[in-house]
Structure formats: C-alpha cells, structure tokens
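Visitor: Submitted below is the structure of interest, expressed as structure tokens.
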Amino acid sequence: MAAIKLPASSQPGQSGLIGRLANNQVLLGYLFILPSMIGFIVFFALPAIRSVIISFHEWNLLTDAEFVGLANYQDIFSDDRFWRSLQITVTYVMWNIPVQTVLAVVIAVFLERISNSSLLRGIMILPWLMPNVIVAMLFVWLLDPTLGLVNIFLQNIGIGKQAFFGDPNQAIASVAGVNIWRHMGYNAILIYAGLKTIPRSLYEAATVDGANLWEQFWGITLPLLRPVLVFVLVTSVIGSFQIFDTIAVATEGGPAGATRTIIVYIYEQVFERRINMGVATAASVVLFAILITVTIIQTRYLRAGQSDLADYQ
Amino acid sequence: MATLSRTNGTATEIREPKRLNVARIITWIVVGFMVFITLFPFYWVLRTALTDPDFGTLFAHASDLLPTNATLFNFERVLGMIDPSTIVGQESANLSAGTINFWVYLRNSFIVAGLVTFGQTLFSSMAAYAFARFKFPLRDQIFFVYLTGLMIPGIVLFIPNFVLIKQLGLIGTFAGIVAPGFLMSPFAIFFMRQFFISLNKDLEEAAMLDGATAFGVFWRIAIPLMRGPLLTLGLLTFIGAWNEYLWPFLVGRDESVRVLTVALNVFKSQTPQGAPDWAGLMAGTTVSIVPTILLFIFFGRRVVDSIQFSGFK
C-alpha cells in the first residue's frame with residue numbers, strides 16, 4: 001500500500017509549477033478518482049439516500065411529492081400481497097439455494113477427481129454466461145405443456161405431462177429449477193478453485209489412517225471448503241432474494257400471483273398498479289434491511305473469515 | 001458394487017486398482033450426465049430454430065432429435081431478410097406479429113455493452129491506480145465507502161435512478177441506459193486495485209526519475225503491464241452489460257435503443273397465445289446467444305480463471 005517514492009521537485013525534468021502540480025500526489029489522487037467519484041455519488045450514494053426519502057412520501061411522478069411519514073411502511077405491512085410476496089420469495093430461496101449448492105459441490109468434487117480440463121469447466125459455466133432472459137426462454141420451450149420435450153419425455157415414461165410454469169403449485173419450484181441450472185456450474189467452478197487449495201498431503205495421511213473417500217469428504221474436504229462455501233452461499237442468497245428476470249419471461253408473476261416475488265411486487269407498484277413511488281421504495285428499503293440481516297446471520301453462523309486449515313497442520 | 005464384494009477375499013494390491021476403476025467410471029458417468037444436462041438445452045434451441053415453423057409439423061414431430069424439414073426460414077425472418085407482411089396464408093397464422101429485426105437489437109446491445117465496458121474499465125482503473133499508488137487524505141475511507149456500494153440491492157438504486165434519468169429527459173436514449181455503469185463499478189475498482197497493489201513499483205519509479213509525469217507513468221507503464229487483468233475485467237463487464245434486463249427494460253423500451261434481452265421478451269409476449277411462434281423465438285434466441293458463444297470460444301479459459309479468482313477476493 002506504500003505510495004511511490006516521488007523524486008524531489010528540484011530534480012531535472014521536474015522543475016516549474018506544472019512539473020510540481022503534475023506530480024502532486026494529493027491532487028493526482030483526487031483527479032484520478034474524480035470520474036468514479038461522480039459516478040458513485042450520482043448513481044449509488046444519492047439514489048440510495050433518495051430511496052429512503054421517497055419512501056416517506058406519496059408520489060406518482062406527475063404531481064409534487066407529499067410527505068406522509070411512515071404511512072407507506074404501514075401500507076406495506078398491512079398489505080397481504082406484500083406478505084405473500086415475501087413468503088413466495090423465501091420459498092423460492094429455499095428451493096433454489098440448497099439444491100444448487102449441493103449440486104455445485106458434487107460437480108466440483110467429481111470434476112476435481114478426474115480432470116483438470118478447463119474445457120470441461122468452461123462448459124459448466126456456459127449457462128451462467130447467458131442472459132437470464134435467454135435461459136428462461138430455453139426452459140419455457142423445454143417445459144411447454146404441449147410441445148415441450150421434457151413433457152413429452154415425462155408422458156413417455158408414464159408420469160404424464162406437467163404444467164410447470166402454468167401450475168400455481170409448481171411455478172415457483174420451476175423458476176428455481178431454471179436458476180439452479182444456470183448457476184450450479186458457476187458455483188461448482190468457485191468450489192473447484194477452493195478444492196485446489198486443500199493440501200494433497202491431508203488426503204494421503206487420511207488414507208494411511210484408513211479413512212475411506214466418504215469419510216475424507218466429511219472430515220477434510222467440507223470443513224476446509226468453508227471459506228469458499230461462505231462466499232458462494234452469501235452471494236447466491238443475496239442474488240436469489242432479488243429474482244426477477246426469469247419470472248418476467250416465464251410467468252410474469254402468475255399464475256394467480258404464484259410467482260409474485262418481492263421484486264415483482266415492487267415492479268408492480270411502480271409500473272402496473274397506481275404509480276406509487278413511495279410504496280415501491282419503502283418495499284425496496286425493507287428488502288435491503290432483510291438482505292443485511294440475512295447476510296449478518298450467515299457470516300456469523302458460518303464463521304466467515306476463519307479457516308480450519310490450521311487445525312490440520 | 002457387486003464386483004467389490006466378490007473381490008473381498010483377494011489380496012489388497014489386486015483389490016485397490018479395481019475399486020478405483022469403479023469409482024472413476026461412476027465419476028465419469030456423473031460428470032458426463034452434468035455436461036449433457038448443461039449442453040442439451042442449447043442443442044434443442046438450435047434444433048427448434050432450424051425446424052419448419054408450422055404448428056402442425058412442430059406438434060407431430062415434437063420429439064424428433066433432428067430438425068424437421070430443416071430450413072433457414074426462421075433465421076431469415078428474425079434477421080429481417082423476409083418482410084413479415086409478405087408471409088401469407090396458413091403459414092402466417094402462428095408466426096409472431098412482432099417486429100423481428102434482430103440486427104437493430106444486436107447493434108443496440110453492442111453499443112450499450114461496448115460503451116459500459118469502455119467507460120467502466122477506464123475510469124475504474126484510474127481510480128484503482130490512485131487507491132493503490134497515491135497517498136491522499138481520506139483515501140482508505142473513500143475506498144471503503146465504494147465497497148459498501150456492492151451490497152446495495154439493484155432495485156433500491158433502480159427506482160431513484162429511473163426517476164433521475166426521466167427528469168434528465170434521457171428515457172429512450174443510449175445515454176440513459178449507459179449512464180449508471182459508465183463511470184465506475186465498485187467491483188471493477190476492487191478488482192483492478194488488487195492487481196495494481198501486487199504490481200512491482202520499480203518500473204514506475206524508474207520512469208519517474210526519468211522525468212515522466214504520474215499520468216504518463218499510469219498510461220504508458222502501468223496500463224500496458226495490466227493488459228491481462230484489463231482484458232479479463234473487460235470481458236466480465238461486457239458479459240454483465242450484455243445480459244442486463246431490468247434496467248434497459250425500464251429506460252430503453254423504445255425500438256431504436258431496445259437491446260436484445262428486452263427485444264426477445266417483447267417478441268415472446270407478442271406471439272399469438274394458443275400457439276406461440278416457437279421456431280421464430282428459438283431463432284431469435286440463437287442469434288442472441290451467438291456473441292456470448294464467440295467470446296466463450298476465444299476467451300473461455302480467461303473467464304474460468306477470473307471466476308476462480310473472484311471467489312478469493
């Protein structure tokens with residue numbers, strides 16, 4: 001972090017006012033961060049503050065905003081649709097995260113055992129490189145009730161066709177399935193990198209002690225993967241709570257509101273129902289609070305930042 | 001497993017390799033299955049895009065592994081090589097009524113992702129260099145505040161940013177779509193700062209002694225040495241901007257600035273209900289996937305490596 005040692009301004013080539021200004025660290029520092037500073041203030045800091053301010057107002061974008069105190073928050077908390085959207089979001093996260101993480105660990109462990117091929121790893125992240133919209137489109141087609149290949153397959157093996165996105169009981173799990181497909185490979189590659197940091201010698205010692213592969217996985221692999229797993233879990237839970245694109249393409253919040261997650265709820269407040277920026281921003285502030293709480297609980301509970309490696313050496 | 005129990009009585013040196021072979025075969029089967037699950041939907045999109053769009057044909061041959069009556073007709077429609085209004089008769093009944101000139105959307109996506117990548121990479125690198133090399137008051141505090149920007153959920157910023165872009169009269173312009181990401185992203189600054197910190201300072205100090213200005217050192221020495229990380233960051237930024245849906249949907253719905261992700265969903269919602277234009281949709285999807293696949297073919301290994309890096313930040 002030490003700065004470059006700058007030569008004294010009296011040296012050749014550094015004389016004169018311009019020379020001294022051009023090498024003034026304080027001035028240069030601020031000059032170099034100026035564009036990013038403008039970007040941060042205008043599009044991150046002020047909007048974040050403005051969100052909170054708008055949430056205390058009644059505002060439809062056309063007439064002047066009117067201060068209403070906590071009325072928007074009271075509106076949300078007494079709105080059944082809001083609680084329902086929260087419940088749907090949590091259900092989605094509960095489908096999405098466990099399955100996705102377990103599959104990612106399985107893929108990573110198996111891949112690491114047999115191959116160093118970066119082509120294989122590349123193939124596994126391909127879905128993650130695709131836009132959500134396109135991935136959703138793939139599955140709307142594959143799961144189509146009449147023509148979808150998955151349904152034809154299910155019919156052929158005797159299970160019968162399923163409505164998937166069209167069935168209120170299956171819709172949210174189907175959306176979760178789509179995102180599991182998109183993210184499992186990406187998370188597997190993160191975990192794969194974590195596996196590479198575990199010293200081979202630990203496994204050799206365990207083998208000498210007579211531990212089988214299953215015992216080695218639970219005793220060595222999983223505990224030492226914790227830092228990577230914390231990263232994977234924290235980032236994917238935050239992302240999972242903000243599910244929107246897939247729903248916008250596949251179900252538009254339906255059928256019968258079965259996939260109206262929290263972002264869909266907020267979106268509807270801004271663009272579909274009576275335009276109400278106050279309620280929309282209030283709901284987004286509540287979402288932010290939920291995300292912070294969930295993240296704090298996760299990092300505490302998972303002891304982020306600590307490694308168990310020292311215990312083994 | 002049967003093989004295992006049969007070998008139970010024999011000597012260890014014979015049993016060991018056999019056991020490993022079974023494990024390897026199972027591992028390969030699991031990995032092979034995952035690769036199949038990952039790649040098959042892409043094949044199915046292509047297969048559908050090349051199929052005769054007539055609903056009767058699609059229905060009768062829904063599970064054929066190869067395209068039925070293979071044709072480029074869908075690509076010609078989607079790329080505007082055939083005027084939709086000239087398609088007459090029975091065949092037009094289930095074709096999308098939407099405007100389907102994907103060249104325009106492809107161009108728009110390139111403009112948006114290109115501008116965001118250029119601005120964000122340049123200005124974030126400048127800031128990162130300042131954070132890594134210069135000493136100025138509040139440097140570390142400013143950097144920390146930038147990092148908190150990573151934790152704010154998109155929706156909290158989207159609503160006030162949408163209001164701001166609307167008040168500036170930039171709805172429906174490239175400037176409006178690009179603005180929030182053009183000057184910085186907290187991740188980009190963090191990413192580049194890591195590389196600048198680990199860069200040896202000798203060359204820069206030598207250039208200083210020779211009388212180069214600090215900007216000259218940044219531009220002619222530090223930046224060229226950072227070609228690898230800059231390319232990686234550029235790729236990740238480009239893919240992220242290319243995949244964005246909600247923001248360009250909010251501010252750039254107008255035909256003239258509509259990007260691919262938004263266009264694809266508009267195209268889908270314009271298809272007639274009962275019998276969607278699947279072949280056309282999948283041709284559009286294929287066209288949208290091609291640029292990402294090309295990036296993947298040329299830079300796949302770099303993307304994989306950078307993802308592995310991001311897990312350890």
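Visitor: Evaluate the following for B:Phe158: is it aromatic (Phe, Trp, Tyr) and touching a Ser or Thr at 6+ places or on another chain (Cβ under 7 Å)?
Guide: Against the criterion (aromatic (Phe, Trp, Tyr) and touching a Ser or Thr at 6+ places or on another chain (Cβ under 7 Å)), B:Phe158 does not qualify.
Visitor: Identify, please: which residue in the stretch B:248-266 is among the aliphatic types (A, V, I, L, M) and closer than 13 Å to B:Ala175 by Cβ and is, among those, nearest to the other protein chains (Cβ to nearest Cβ)?
Guide: Only one residue tops the list, namely B:Val251.
Visitor: Any residue at all in the stretch B:111-121 that is surrounded by fewer than 17 Cβ atoms within 10 Å (Cβ to Cβ) and either among the aromatic types (Phe, Trp, Tyr) or out of contact with any helix residue (DSSP H, G or I) (no Cβ under 8 Å at 6 or more places or on another chain) (or both)?
Guide: Within the stretch B:111-121 (the criterion being surrounded by fewer than 17 Cβ atoms within 10 Å (Cβ to Cβ) and either among the aromatic types (Phe, Trp, Tyr) or out of contact with any helix residue (DSSP H, G or I) (no Cβ under 8 Å at 6 or more places or on another chain) (or both)), the answer is yes, since at least one residue qualifies.
Visitor: Find the residue count for the stretch A:151-209, including only residues that are small (Gly, Ala, Ser), within 11 Å of chain B (Cβ to nearest Cβ) and out of contact with any Gly (no Cβ under 9 Å at 6 or more places or on another chain).
Guide: Residues meeting the conditions: 2.
Visitor: Follow-up. Restricting the search to the stretch B:128-155, which residues are modelled with pLDDT under 90 and under 26 Å from the mean Cα position of the chain (by Cα)?
Guide: B:Leu147, B:Thr148, B:Gly149, B:Leu150, B:Met151, B:Ile152, B:Pro153, B:Gly154, B:Ile155
Visitor: Go through the residues of the stretch A:58-72 one by one and say whether even a single one is out of contact with any Leu (no Cβ under 7 Å at 6 or more places or on another chain), within 14 Å of chain B (Cβ to nearest Cβ) and part of a helix (DSSP H, G or I).
Guide: yes
Visitor: Can you name the condition, by its number, that B:Phe218 falls short on among (1) more than 23 Å from B:Phe131 (Cβ to Cβ); (2) among the aromatic types (Phe, Trp, Tyr); (3) in contact (Cβ under 8 Å) with a residue 40 or more places away in the chain; (4) facing another protein chain (nearest Cβ under 10 Å)?
Guide: (1)
Visitor: Let me confirm something: among A:Ile114, A:Ile107, which residue is over 25 Å from the mean Cα position of the chain (by Cα) and more than 27 Å from B:Ala49 (Cα to Cα)?
Guide: A:Ile114
Visitor: If I ask for residues that are facing another protein chain (nearest Cβ under 10 Å), crowded, with 17+ Cβ neighbours inside 10 Å, in a helix (DSSP H, G or I) and of a type in the set (A, V, I, L, M, F, W, C), which ones from the stretch B:36-81 would you list?
Guide: B:Phe42, B:Trp44, B:Val45, B:Phe55, B:Leu58
Visitor: If you scan the stretch B:126-172, which residues turn out to be surrounded by fewer than 14 Cβ atoms within 10 Å (Cβ to Cβ) and either polar (S, T, N, Q) or not assigned by TED's automatic domain parsing to the domain that holds B:Val217 (or both)?
Guide: Those that are surrounded by fewer than 14 Cβ atoms within 10 Å (Cβ to Cβ) and either polar (S, T, N, Q) or not assigned by TED's automatic domain parsing to the domain that holds B:Val217 (or both): B:Gln141, B:Thr148, B:Gln167.
Visitor: State whether the residues of the stretch B:223-230 include one that is under 30 Å from B:Tyr43 (Cβ atoms), part of a helix (DSSP H, G or I), within 19 Å of the chain's Cα centre (by Cα) and of a type outside the set (D, E, K, R).
Guide: Within the stretch B:223-230, not a single residue is under 30 Å from B:Tyr43 (Cβ atoms), part of a helix (DSSP H, G or I), within 19 Å of the chain's Cα centre (by Cα) and of a type outside the set (D, E, K, R).
The values are calculated or read from the model by the stated rules, or taken from the named source; none is laboratory data. Computed from a predicted structure; not experimentally measured. Virtual Cβ from ideal backbone geometry, glycine too; neighbours counted across all protein chains shown.
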